[in-house]
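**Student:** Below are the structure tokens for one structure; questions will follow.
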Amino acid sequence: MLGHVLHAHPEVVCYTEYLNRVRDKSTAEKVNFLHAFYADPPTRPPEPGRRTRPDHEPFKYDLDALDVASAWAPGWLPYRIRRATVPYRRLPIRVLVLERRNKLKQAISHASVHQRGSYASDLEDVEDETELVGQTFDVAALEHQVTAAENRARRLRTVARRLRAPRISVTLEDMQADPKREFDAIFEFLGVPPAPDGFDYTAGHTKLLSDDLRDVVANYDEFERSPILAPYLRPAAVPTVD
């Protein structure tokens, strides 16, 4: 949703998972790919018909903050030297960090997809809405996923902090609660004009699962007994983005 809304702005081009095409290459090749991208940014959308899924983890490509920053060092330098020269380089970019505040709901969404065998992400794409209520989830598996999501989020914040560039943090929950407010703030941060009148701040996406987990989870009482999951059932106790 974030990528689609950004790309819909008349002065923003958003390439989703641009590094996917070099995901299996060496770190040096990935850095060179980034270097070429920022040296001459493409302005046209990807090829027609290309479909990619949203990306939440820059380290999915095994790149740390210094790897990313080294893309702005002179291209003729060897990769390791480029990387060594950039710890204090201020980058000519802006960093947008997207996180889901409620890691339990994030884990449930992921688990629900696999249990239902459907990757629909919009309510309008679900043929039988009764599949979205009263599901039973493996508590131990969710505890593992929530812990992993917290660890990934901490890594994400660390990468963002180490990139010496202006940054803004947004959460999925805030974008769903007031998309216009959140995206107007993002567009201002990016230095582009406000979106035009009639702009669709949701990119056509509608929420899939209920906000109230009691509607979604059949074994809700087990969640309440879990020291890992229970805090996410109390909104005031949910950790926030740094």
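This table checks each residue for (1) touching a helix residue (DSSP H, G or I) at 6+ places or on another chain (Cβ under 9 Å); (2) of a type outside the set (Asp, Glu); (3) modelled with pLDDT of 80 or more; (4) not in a helix (DSSP H, G or I).
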{"position": "119", "(1), (2), (3), (4)": "yes, yes, no, yes"}
{"position": "141", "(1), (2), (3), (4)": "yes, yes, yes, no"}
{"position": "148", "(1), (2), (3), (4)": "yes, yes, yes, no"}
{"position": "157", "(1), (2), (3), (4)": "no, yes, yes, no"}
{"position": "182", "(1), (2), (3), (4)": "yes, no, yes, no"}
{"position": "187", "(1), (2), (3), (4)": "yes, yes, yes, no"}
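**Student:** Checking residue 110 against (1) surrounded by 15 or more Cβ atoms within 10 Å (Cβ to Cβ); (2) within 26 Å of residue 227 (Cα to Cα); (3) modelled with pLDDT under 85, only one condition comes out false. Which one?
**Tutor:** (1)
**Student:** Any residue in the range 53-67 that is farther than 11 Å from residue 19 by Cα sitting within a Cβ distance under 8 Å of a residue that is of a type in the set (Asp, Glu) and at pLDDT 60 or above? List the pairs, counting only those 6 or more apart or interchain.
**Tutor:** 53/17; 54/17
**Student:** Could you check the range 45-94 and list, in sequence order, the residues that are farther than 25 Å from residue 9 by Cβ, charged (D, E, K, R) and either at pLDDT 85 or above or touching a His at 6+ places or on another chain (Cβ under 9 Å) (or both)?
**Tutor:** Within the range 45-94, 62, 64, 67, 80, 82, 83, 90 qualify.
**Student:** Would a scan of the range 168-183 turn up a residue that is closer than 30 Å to residue 91 by Cβ, among the small types (Gly, Ala, Ser) and buried (at least 16 other Cβ atoms within 10 Å of the Cβ)?
**Tutor:** The answer is yes, given that some residue of the range 168-183 is closer than 30 Å to residue 91 by Cβ, among the small types (Gly, Ala, Ser) and buried (at least 16 other Cβ atoms within 10 Å of the Cβ).
**Student:** I need a count of the residues in the range 9-21 that are over 15 Å from the mean Cα position of the chain (by Cα), surrounded by 17 or more Cβ atoms within 10 Å (Cβ to Cβ) and assigned to a helix (DSSP H, G or I).
**Tutor:** Counting residues in the range 9-21 that are over 15 Å from the mean Cα position of the chain (by Cα), surrounded by 17 or more Cβ atoms within 10 Å (Cβ to Cβ) and assigned to a helix (DSSP H, G or I) gives 0.
**Student:** Here's another thing I want to ask about it. Can we say residue 202 is modelled with pLDDT under 90, under 18 Å from residue 3 (Cα atoms), assigned to a loop (DSSP other than H, G, I, E, B) and in contact with a Pro (Cβ under 6 Å, 6 or more places away or on another chain)?
**Tutor:** Answer is yes for this residue.
The values are calculated or read from the model by the stated rules, or taken from the named source; none is laboratory data. These figures come from a predicted structure and were not determined experimentally. Cβ: placed from backbone, ideal geometry, glycine included. Neighbour counts: every protein chain shown.
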